[in-house]
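All of the numbers you see were taken from the coordinates with simple rules; none came from a lab. Fair warning: this is a prediction, and the values are worked out from it, not measured in the lab. Reconstructed Cβ throughout: ideal geometry from the backbone, glycine too, with neighbour counts over all protein chains shown.
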């Protein structure tokens, strides 16, 4: 009998069609929009694994320390994009998350990036230790 691994997939996938509002005067998706999508997909992933409630119970929130993104090919309104995201590591108060933007039609890599997130206490506004309950939610993956 084959035994299945019950751990969740470390890679979260989100697919959508690029709206016209994401396109700038150059005729392709604006660079700032990718940053918004990175934040949105990270939030969706964290929520999907049950992290939002644990975060609130801890009296804390995630804030961005830094974003890094490399643009490889343009994306246009009406195209379908698949965003992949996963967590690379958890450190005491920080976590590194990576992203890949793929054109769904042909799988072309359009952009890749990462965000260094900091876990911050809501009351003090200072970084605080990430609870074990949160670090245990997401399997870690260096790269795909």
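Structure notes:
- C-alpha center-to-center spacing [segment 102-123, segment 5-63] in angstrom: 7
- Computed on the chain, with alpha-carbon pairs under 8 angstrom and 6+ residues apart, the relative contact order is 29 percent.
- Residues residue 141 and residue 35, FRET efficiency given R0 of 22 Å [Cβ-Cβ distance, rounded to 0.05]: 0.50
- Axis of helix 31-48 versus longest Cα principal axis of the chain: the two differ by about 40°, to the nearest ten degrees.
- Between residue 44 and residue 94, the modelled label-to-label distance comes to 2.7 nm, taking each label 7 Å out from Cα in the direction of the beta carbon.
- Size check on the chain: the Cα extents along the three principal axes, sorted descending, read 52, 44, 22 Å.
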